[in-house]
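All of the numbers you see were taken from the coordinates with simple rules; none came from a lab. Everything numeric in this text was worked out from a predicted model, so none of it was measured. Reconstructed Cβ throughout: ideal geometry from the backbone, glycine too, with neighbour counts over all protein chains shown.
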Amino acid sequence: MPMTWTLGFTEYTTVFYPDFIMWLVAKDKVYINFIDPKGQMGMKDFATEQYKEKVAIADKATNPTLPNIEKELKRIHKKDFVLNSFILLRDKSELGKKTIGSVEKG
C-alpha cells in the first residue's frame, strides 16, 4: 500500500491543501510556491459570496496568512522565506477575468 503525505495550512487558515509545492532554495533565501489548479467550482462560497481561503491567501497585501508564515519560518530557521500561492484557472474561466484582491486579472 503506497504511503501518502500531505502538507496543508490548518493552523493559519480554515483548510488549504495545495496540489503542488515548488521549492526553490537559493543561497540566502527559500522560495515556496503553492500551486493549485482549479476549474471554477470551489473557489467561492456562494452562500456568503466570499472567496474561499485558498483564493484569499494569494493576496499578501490584504491577507496576512503567508507573510505571518514567512516571519515564523525566518524566526525558526534564520533564513529569509518567500511564500506564494497560485491558483491556476482555465483561460476561459470567468473567475480568472475578475479582480481578486489587489491583482487585476485580464
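Below are the figures for this structure:
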| quantity | calculated |
| --- | --- |
| Per-residue HN-Hα couplings for segment 17-23 [Karplus 6.51, -1.76, 1.60; θ = phi - 60°; Hz; x = Gly/Pro] | 10, x, 6, 9, 10, 10, 9 |
| Theoretical FRET efficiency, 1/(1+(r/R0)^6), r = Cβ-Cβ of Phe20 and Thr48, R0 30 Å, to 0.05 | 0.60 |
| Relative packing of peptides 56-67, 76-87, 21-32 - highest average C-beta neighbours within 10 Å first | 56-67, 76-87, 21-32 |
| Full-extension gain in nm, His77 to Lys29, via 0.36 nm per residue minus C-alpha separation | 16.2 nm |
